[in-house]
Amino acid sequence: MSSPPLPHDDNGQGAPLVLLHAFPVDARIWDPQRPALSSKRRVITPDFAGFGRARALATRTSIDTHADDIHALLDALEIPKATLIGLSMGGYVALAFARRHPERLSGLVLADTRAGADSPEVSAGRLAMIAKVEAEGMAALMDGLLPRLLSAAATPEVKEHVRRIALDQAPTGVIAAQRAMRDRPDQTQALGAIDVPTLVIVGEHDAITPPADTARMVEALRCATLEIVKGAGHLSNQEAPQAFNAALLAWLDRAGC
Ligand code: MLT
């Protein structure tokens, strides 16, 4: 028997957009995007297995498996093709989806993410984060991680919103996702095969996937537009929602996807 589709929100009408959330949060990270985007398009925001409403689903051991969950969700919703919008970890999943299920993609947005695999330092950092969650819990993890997810200029409200969503996550899902991200392959070579319009967005002060990495990704893509969100950090959709939404909506109109 096939497993139930990922829990998700489904708002608006029109060509579907599927928004894939970052780590260590859930689909609520898209709260600042849902109203603006769903006034023009059908907007679907799933929680990945192990996160949010999907916390009780079996955790996934690879980013590819998360991509296959999105494929199963499109099947369940009878959506032949969608534009995927992936934020950070969601971008890793969107890239895996583009490699594994290209026939189901009509457009791609890669926000504050990268195609390369982890460096040894990042990989070691993930092990340290796993140990921290196991020993001290999510609050301790977020004390160290929040200043990297958001710029120094982020408002207290934005910090609190992100922290609150993160503290709701189950440690099992968070640990599994760290392992899946650590083990993800380098997807740089696959970028050249992506044949749908692609928008790459990055916060000017993104400390996790900095604009220099993003620029390399744009060079390797066939049909990409780069948008740098001024003043924002890694979670650029949270820190500068109006600029993020405006860039996205303008690109969707232009790209026709
Ligand atoms: C995220 O925001 O999803 C994570 O920072 C990505 C990562 O840890 O590589």
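The values are calculated or read from the model by the stated rules, or taken from the named source; none is laboratory data. Not measured: the values here are computed from a predicted model. Note: ideal-geometry Cβ built from the backbone for every residue, glycine included; neighbour counts use all protein chains shown. Areas reflect the complete protein model, heavy atoms only, side chains present, ligands, DNA and RNA absent. Shrake-Rupley method; radii C 1.70, N 1.55, O 1.52, S 1.80 Å.
At-a-glance table
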{"quantity": "By average C-beta atoms within 10 angstrom, highest first, the peptides 99-105, 48-54, 87-93", "calculated": "87-93, 48-54, 99-105"}
{"quantity": "27 Å Cα-Cα reach of residue 230 towards lysines, excluding residues that sit fewer than 8 places from it in its own chain", "calculated": "40, 159"}
{"quantity": "Carbon plus sulfur fraction of accessible area for the stretch 71-138, probe 1.4 Å, in percent", "calculated": "57 percent"}
{"quantity": "Between the stretch 36-109 and the stretch 115-160, the alpha-carbon center distance in angstrom", "calculated": "23 Å"}
{"quantity": "Value of Rg to Rh for the stretch 60-178 (Rh from inverse mean 1/r over Cα pairs, i.e. Kirkwood)", "calculated": "1.00"}
{"quantity": "Per-residue [θ]222 nm for the chain (sum of -39500 (n - 2.57) over DSSP H runs n ≥ 4, rounded to 500)", "calculated": "-13500 deg cm²/dmol"}
{"quantity": "For the stretch 9-50: accessible area per residue (Å², 1.4 Å)", "calculated": "29 Å²"}
{"quantity": "Separation of the residue 117 and residue 249 label points, Cα + 7 Å toward Cβ, nm", "calculated": "4.1 nm"}
{"quantity": "FRET E, pair residue 164, residue 39, Förster distance 25 Å, beta-carbon r, rounded to 0.05", "calculated": "0.45"}
{"quantity": "Reference-scaled alpha-carbon Rg (2.2 N^0.38 Å with N residues) for the stretch 8-254", "calculated": "0.92"}
{"quantity": "Antiparallel DSSP beta bridges within the chain, percent to nearest 5", "calculated": "15 percent"}
{"quantity": "Solvent-accessible area, 1.4 Å probe, carbon plus sulfur percent, for the stretch 203-257", "calculated": "52 percent"}
{"quantity": "Heavy-atom accessible area per residue - the stretch 173-214, 1.4 Å, Å²", "calculated": "36 Å²"}
{"quantity": "Charge tally in the Cβ shell below 9 Å around residue 214, where Lys, Arg are +1 and Asp, Glu are -1, residue 214 excluded", "calculated": "-1"}
